[in-house]
Amino acid sequence: MPAKSKAQQKAAGAALSAKRGETKKSDLKGASKEMYESMSEDQLEDFASTKHKGKPEHVKK
């Protein structure tokens, strides 16, 4: 499943970094913290690797 916005892609990248032990889990906030807890590393990788060309910065829920 691809990310729908640049913000979602960035949050997934931060969560993925924490899952891999590259950053501290305690540094995560908001969406990235929720993603860390609810998604697998593979799912986060799919979101983070989405091409961001043409994606809006944010998408309303």
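No value in this document is a laboratory result; all are computed from the given coordinates. Here the structure is a predicted model, which is why all the values come from computation and not from measurement. Virtual Cβ from ideal backbone geometry, glycine too; neighbours counted across all protein chains shown.
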Subject >> Calculated P(r) of the stretch 6-48 - Cα pairs past 11 Å, % >> reply: 54 percent
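Find out how many positive minus negative residues lie around ARG20, taking Lys and Arg as positive, Asp and Glu as negative, among other residues whose Cβ is under 10 Å from that of ARG20.
Details: positive: LYS19; negative: GLU22, GLU41, GLU45.
Summing Lys/Arg as +1 and Asp/Glu as -1 gives -2.
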Original post:
Considering lysine pairs in the chain that are 8 or more places apart or on different chains, how many have Cα atoms under 13 Å apart?
Top reply: 16
**OP:** Using a cut-off of under 16 Å, list every residue of the stretch 43-61 whose amide N is near the label point 7 Å from the Cα of ALA7 along the Cα-to-beta-carbon line.
**Re:** 55-61
